[in-house]
Structure formats: structure tokens, C-alpha cells
Amino acid sequence: MTKVPVTLPDALPVVLISEVGPRDGLQSISRIMTTADKCRWLTALYQAGLREIEVASFVPAALLPQMADAAAVVAHALTLPGLTVMALVPNLRGAQAALAAGVHKLTIPVSASAAHSLANVRKSREQMVEEVRAIVALKNELAPHVKIEAGIATAFGCTLQGTVAEDDVVRLAASVIEAGANESGLSDTTGYANPAQVQRLFRRVRAEIGDKTGAAHMHNTRGLGLANCLAAFEAEVRTFDSSLGGLGGCPYAPGASGNVVTEDLVFMFEAMGVNTGVDLDALIAARDVLKAGLPDEPLYGMTPEAGLPKGFQPAPRVSK
């Protein structure tokens, strides 16, 4: 049989996998992981090749005791060279604490659902846009190098409100960019999205804000997480949030379980020839560190269960 030569494209596709388990995952479960275990987990994720990690959220410990050690976790993450250290902040006070801790990037949730906005941050959507504006001003004064992503939560539907108008999502994305955010991504906070909807809405947002379109944050609540990520990829999205072992959800959106599993997402892209920069064997090994810190906590993922296919080859690496 004659072998057909394989011609690789001049510019291999590359995506950024943004790990959100240490924040989104841990704040969604009742168990509290020790600071030492969190730091070991962060190191394992870093050693697997992940270069952007949302390590904590800066919120009152009375509301989320899982995040009480946010500053200490950030301090450890800052020792890992080349890692973009992110933290979620719901308001100006949280931003002040995160900037004092030295984070590289702030993520601010701005819900497209009026009901979810009030439940999640106790502010209307319009008030959250003004909160973004205030956080941008603070950041520009104290740490102008820090980036801000104002992600549009419940962009595809809401367990509290139901349908969310696409026009509202596009308008909010434009509003937070006008308020000074560097980028705005879309979050399927409640696991309502389907691939056609994801592709359509990301294309609408990109037409509105261009290259300031940020990450796809998908949940696997109804089994469509990877399909929705692929749809976003086809709509030119190149940053994807995911969580090791599928930990996570939203404590203020009933039934919103199941972040996309990082291991499965990396496998999908690498099998497609899309470079993630992540070592799958090391990533799967990081589950052991997570299990040690959270004994008996359910973890998910098809790839870790099945193993890598015989003869599997990751995508060619792009030289830096």
C-alpha cells in the first residue's frame, strides 16, 4: 500500500486551556481542601503544562470558606514561572484584595440573566457593568499590567429565569468592553447550551467586539460540554475553561453541575492535531494529587477511565 504523505499546515492551530478547578471546582463542593494540598495540586497542574490557572476567588470567607486562603494560594502560584495567575472577583473589594495579592488577571462574572445576577452578586446587570468600570479604574491606578476578563455568565440560559435573550448577551459583552475590560467570554453557567447556539452566539459576540472575545466556559451538565467546546472552536474561540476531574458548577444556579473535564478536553484537541501544550500523562497523574487532597470526592472523565488509545500521538508542539 502506498503511503500518502501528510502535509501539516504552516501555522498549527493552538488553544489555551485555562484551568478553573482550584476556583470553580473547589467553591462548588462542601469539602474544604487544605492550603498545602491546594498548592501541591497547582504545582501538578503546572507541571502538566497548564499555563493559565484560576487559582481562587476573593470573596468573604463567611460566604465561601473554601476560598478563605486565597492570598496564600496566589502567593504559591506566583512562584511558578510563566504561569498566568488568575482570580475571580465579584466586586471592587475583591479586586482590591486580589491586586494586593499580586494576581496577573482578574475575572469578573457579569450575568446576562437578571435573576441570576441578583442571586449571584446581589447587583443588577447594569450595576455590574459599573462595577467593572470601577475595577478597571482601580487596576489602572494600582497595577496597569493586570488583565481583566468580564465573562458573561448564564449566556445560554438560566435555571432561575429560563431563556436569556441573545441580544442581552451581545449588548452586555459590548458594555463590559466599553467599560474597559480587556476581553469578554461566554459562560454556560447552567449547562443549557447546545452546539448550534454556541456557534451562533460566539459569532455574534465576535462581530460586536472582535478580538476581545474571550474564553468559552462550558459545563457538561447535559453531556454537551465537549460538543459545545468544538462549536466554539469552529467559531474562532481559542481559550477554553475546564476543570480537572470535572469539578465545579455554580452555588447560585441550582443544578448547574459539571465543568468540562480538562483531561477530556485536552485529549479531544490533541487528537484533532490542535496543540494545547499539555502533557496528557502528567495531567492524568495530577488527578492523584487532587484525590489525595479531597478523598472520596467524585471525579469525572472518560479519558482517564479508558486510557489513551494505543499508538496515540499528541499534536506537534509549536516551538517558542
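If you rank V278, V14, V198, V129 by fewest surrounding Cβ atoms within 10 Å, what's the result? Let's see the in-between values first.
Numbers: V278 23, V14 14, V198 27, V129 20.
Least crowded to most crowded, the residues run V14, V129, V278, V198.
Evaluate the Kirkwood expression for the hydrodynamic radius of the range 169-227, namely the inverse of the mean inverse distance over all pairs of different C-alpha atoms, and round to one decimal in Å.
Working: mean 1/r = 0.0850 Å⁻¹.
Radius from the Kirkwood sum: 11.8 Å.
So how do C158, C229 line up by other beta-carbon neighbours within 10 Å, fewest first? Could you put the intermediate results ahead of the total?
Working: C158 24, C229 27.
Fewest-to-most Cβ neighbours within 10 Å comes out as C158, C229.
How large is the direction-averaged shadow of the alpha-carbon convex hull of the range 16-306, in nm²? All intermediate terms of the calculation are to be shown ahead of the outcome.
Numbers: hull surface 51.9 nm².
Directional mean of the projected Cα hull area for the range 16-306 stands at 13.0 nm².
For the chain, what is the calculated [θ] at 222 nm in deg cm²/dmol (nearest 500), taking -39500 (n - 2.57) for each run of four or more DSSP H residues and dividing by its residue count? Let's see the in-between values first.
Numbers: 11 runs with 124 residues, N = 320.
Estimated from H runs of four or more residues: -12000 deg cm²/dmol.
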At what distance in angstrom do the alpha carbon centres of the range 135-159 and the range 58-81 lie from each other? 18 Å
Out of all DSSP beta bridges with both ends in the chain, state the antiparallel percent to the nearest 5. 10 percent
Principal axis box of the range 126-172, alpha-carbon based, largest edge first, Å: 39, 18, 17
Connecting C-alpha atoms closer than 10 Å in a GNM of the chain, tell me which of D241, D167, D24 has the biggest fluctuation. D167
Output the pairs from K147/K291; K139/K212; K38/K147; K123/K147; K105/K310 with a Cα-Cα distance over 27 Å in this structure; if there are none, say none. K147/K291; K105/K310
Please express the Cα-Cα pair-distance distribution P(r) of the range 30-72 as a list of whole percents, one per 10 Å bin, running from 0 to the bin with the greatest distance. 28, 51, 20, 1
Could you give me D for the range 68-187, from Stokes-Einstein at 4 °C and 1.567 mPa s, where the hydrodynamic radius is the Kirkwood radius over C-alpha pairs? Units µm² s⁻¹, please. 89 µm²/s
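No value in this document is a laboratory result; all are computed from the given coordinates. A quick note: this is a predicted structure, and the numbers were derived from the prediction, not measured. Cβ coordinates were reconstructed from backbone atoms using ideal geometry, including for glycine residues, and neighbour counts include every protein chain displayed.
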